[in-house]
Amino acid sequence: MRFYFSSGIFWGIVFILIGILFLIRNYTNIYIPIFRTIFGLLIIYWGLTILFGGSARHSKSSAVFSENTVNVDSTESHYGAVFGKSTINFTDSTLTEIKQIDMEIVFGEGILRINKNIPVKLKIDGAFSSISTPYGTQPFLGSSVSTNKLFDKSKPYLFIKTDVVFGSLKIEEI
């Protein structure tokens with residue numbers, strides 16, 4: 001039996017409980033630690049989500065509390081890892097137009113493999129992260145934009161936009 005408990009249902013219940021707890025606390029003499037209760041419910045929700053197969057938004061292009069390897073196709077453009085490891089392979093792809101890939105790493109690890117014969121523009125936003133690219137190591141905290149030697153903005157290129165928070169990202173040219 002599959003356990004289904006979406007985040008919309010969870011947050012709806014949480015807000016209803018917050019309202020009830022505030023009413024009880026303000027109109028009775030019963031003291032209820034509201035924020036501790038909310039934090040406890042959040043931990044329970046995360047635990048149930050992990051136990052029963054992740055959230056409803058989990059997809060093949062994201063690694064949430066897991067590890068995956070994805071070959072990039074034309075339909076997906078958003079990839080990520082949250083408390084997991086995601087390896088994205090873009091080495092077999094060719095470009096006929098500008099292609100954008102968004103990659104988000106939060107408390108996880110990401111590896112992006114790209115074809116060395118493809119022009120690339122890379123925009124990195126990092127916070128407390130480790131980011132390694134063929135174009136140099138990126139800042140621990142901040143933003144940067146870099147390109148490879150083949151980049152020409154008038155021709156098709158791969159635009160990689162990354163957000164890395166408390167994680168690591170390694171971009172490899174193969």
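Quick look at the values:
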| item | result |
| --- | --- |
| Those residues of segment 122-174 which are at positive phi and touching a residue at least 12 places away in the same chain (Cβ under 8 Å), in sequence order | 128, 142, 166 |
| Candidates 109, 97 - the one that is modelled with pLDDT of 85 or more, closer than 20 Å to residue 63 by Cβ and among the charged types (D, E, K, R) | 109 |
| Count - residues of segment 84-124 that are over 17 Å from residue 169 (Cα atoms) and among the small types (Gly, Ala, Ser) | 1 |
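The values are calculated or read from the model by the stated rules, or taken from the named source; none is laboratory data. It should be emphasised that the depicted structure is a prediction, and the values quoted were computed from it without experimental measurement. Virtual Cβ from ideal backbone geometry, glycine too; neighbours counted across all protein chains shown.
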